[in-house]
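Quick notes on the structure that follows.
The values are calculated or read from the model by the stated rules, or taken from the named source; none is laboratory data. Being a predicted model, the structure only gives us computed values, none of them experimental. As a convention, Cβ positions derive from the backbone with ideal geometry for all residues, glycine included, and neighbour counts pool all protein chains shown. Note: accessible area is taken over every heavy atom of the protein model, side chains too, but ligands, DNA and RNA are not part of it. Shrake-Rupley method; radii C 1.70, N 1.55, O 1.52, S 1.80 Å.
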Amino acid sequence: MACEGQFFDFAHLRIFAVMQRIALSYAAVSSFGLTSFIYGGIHSVVSSGYWSSFIHSSLFVAMHVGFGYPLYRKHIFIKL
């Protein structure tokens, strides 16, 4: 794989693999309706809509931390 005349090193391939995992997880969430299932499960335990939304958004952030933490530990940084 070439990019501007240079080959990708392992760090670029690792970033590509993690981005593919994130894309597949979003595809699974959207196609199987997991968001409404997860939120419904949280809302059945926590009756307050405010707190169930807070827990749901915290799980969403935790999912991204789970994908990004291995990259951070290997000192692979993505500039946005």
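Could you tell me how many of the residues in the range 28-57 are modelled with pLDDT under 75 and either in a helix (DSSP H, G or I) or under 19 Å from residue 69 (Cβ atoms) (or both)? Talk me through it step by step, then tell me what you get.
Initially, the range 28-57 is screened for residues modelled with pLDDT under 75, giving 28-35.
Filter once more, keeping what is either in a helix (DSSP H, G or I) or under 19 Å from residue 69 (Cβ atoms) (or both): 28-32, 34-35.
Looking only at that region, the number is 7.
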Every listed condition ((1) modelled with pLDDT of 75 or more; (2) open to solvent by 80 Å² or more (accessible area, probe 1.4 Å)) holds for residue 80 save (1)
